[in-house]
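Presented below is the structure to which this report refers.
The values are calculated or read from the model by the stated rules, or taken from the named source; none is laboratory data. This is a predicted model, so every value here is computed, not measured. Don't worry about glycine lacking a Cβ; one is built from the backbone with ideal geometry, like all the others, and counts go over all protein chains shown. For the accessible areas, the whole protein counts, side chains as well, though only heavy atoms, and no ligand, DNA or RNA atoms are used. Shrake-Rupley method; radii C 1.70, N 1.55, O 1.52, S 1.80 Å.
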Amino acid sequence: MTPVVRPGSQHAYVDESKRGPYLMCAFVTEPASRKRVVAELNRIRPPRASRLHMKNESEPTKRAILSALCELGVTSTVYVSRIKPFHAARAAIIQRGIWPQVLTEGIERLILEPEVGQDERDRRQLYRLAAATGMTGRVSYVHLPPTSEPMLWVPDAIAWAYGSGGEWRRRSQPVVVDVVDVDQLGEPEAGR
């Protein structure tokens with residue numbers, strides 16, 4: 001299969017993993033790749049399942065998902081933070097990792113998986129970041145459930161595999177182009 005290319009308009013799909021250090025995975029792609037990625041993931045999705053969710057899948061299905069992502073040529077960045085509580089780690093990752101990626105890669109749409117008690121915090125933070133960087137109205141952001149947005153299955157799989165360590169992390173390595181420990185980064189300048 002041809003790799004997912006990233007010229008032009010970009011969309012970022014983001015999900016988390018809370019085992020060990022807090023992880024967020026950002027999968028960035030152009031909208032034209034959506035049909036191909038979703039078709040492949042739906043081919044793997046077990047009958048009667050409304051979505052793929054790595055923590056609930058059988059080991060053969062987990063291996064099939066990661067193999068398909070490798071064949072599709074998807075790429076992602078994993079952001080890590082050990083800050084407690086988790087909502088503070090999430091805020092640090094969004095500010096120090098994901099938002100700078102939005103700016104440097106020309107991401108026009110940011111799609112996050114909803115997290116109970118977190119969505120309003122995310123919206124307020126993203127609003128402030130967009131205003132501080134002159135991106136208000138130029139970047140959209142939304143929380144969508146993975147049952148209605150299958151592209152969120154990609155960062156779910158990668159974050160789960162990377163966070164699991166061992167064989168699963170090894171299987172995810174081809175699709176993880178960077179791992180960023182945001183705790184080692186300083187606060188970004190507002191205009192960056």
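When semi-axes √(5λ) of the Cα gyration tensor in Å is calculated for this entry, the matching label among [x] 76, 20, 14; [y] 26, 19, 15; [z] 37, 20, 19 is [y]. Cα axis of helix 119-132 to longest principal axis of the chain: angle in degrees, 0 to 90, nearest 10? On a 0 to 90 degree scale, this one is about 50.
Computed from label points 7 Å out along Cα-Cβ, the spacing between residue 119 and residue 142 is 1.2 nm. Note on the chain: with a GNM built from Cα contacts shorter than 10 Å, the maximum mean-square fluctuation among 132, 89, 157 falls on 132.
Helix 153-164 and the long axis of the chain differ in direction by around 90°, with both axes built from C-alpha atoms.
Share of carbon and sulfur in the accessible area of the chain stands at 52%, probe radius 1.4 Å.
In this structure, residue 53 and residue 181 have a Cβ-Cβ separation that, at R0 = 22 Å, corresponds to a calculated FRET efficiency of about 0.25.
How much area per residue is accessible in the chain when the probe is 1.4 Å and only protein heavy atoms are counted (Å²)? Roughly 47 Å² per residue, with all protein chains present. Extending 7 Å from Cα along the Cβ direction at residue 32 and again at residue 169 yields two label points whose distance is 3.7 nm.
Between the Cα long axis of helix 59-72 and the first principal axis of the chain there is an angle of about 70°, rounded to the nearest 10.
In summary, the lysines within cross-link reach of residue 62, defined as a Cα separation below 24 angstrom excluding same-chain residues under 8 places away, comprise 18, 35.
Amide H to amide H, with H built 1.01 Å from N, residue 140 comes under 5 Å of 109, 110, counting only residues 5 or more places away or on other chains. Each residue of the stretch 81-92 is assigned a 3J(HN,Hα), and the resulting list reads 8, 9, 5, 10, x, 4, 5, 6, 5, 4, 4, 5 Hz, derived from the Karplus form 6.51 cos²θ - 1.76 cosθ + 1.60 (θ = phi - 60°), x at Gly and Pro. Taking the Cα centre of the chain as reference, the dipole from Cβ charges on Lys and Arg (+1) and Asp and Glu (-1) amounts to some 320 debye.
Each label was represented as a point 7 Å from its Cα along the Cα-to-Cβ direction; for residue 61 and residue 82 these points are 3.4 nm apart.
Rounded to the nearest 20 debye, the dipole magnitude of the stretch 45-117 is 280 debye, with +1 charges on Lys and Arg beta carbons, -1 on Asp and Glu beta carbons, and the Cα centre as origin.
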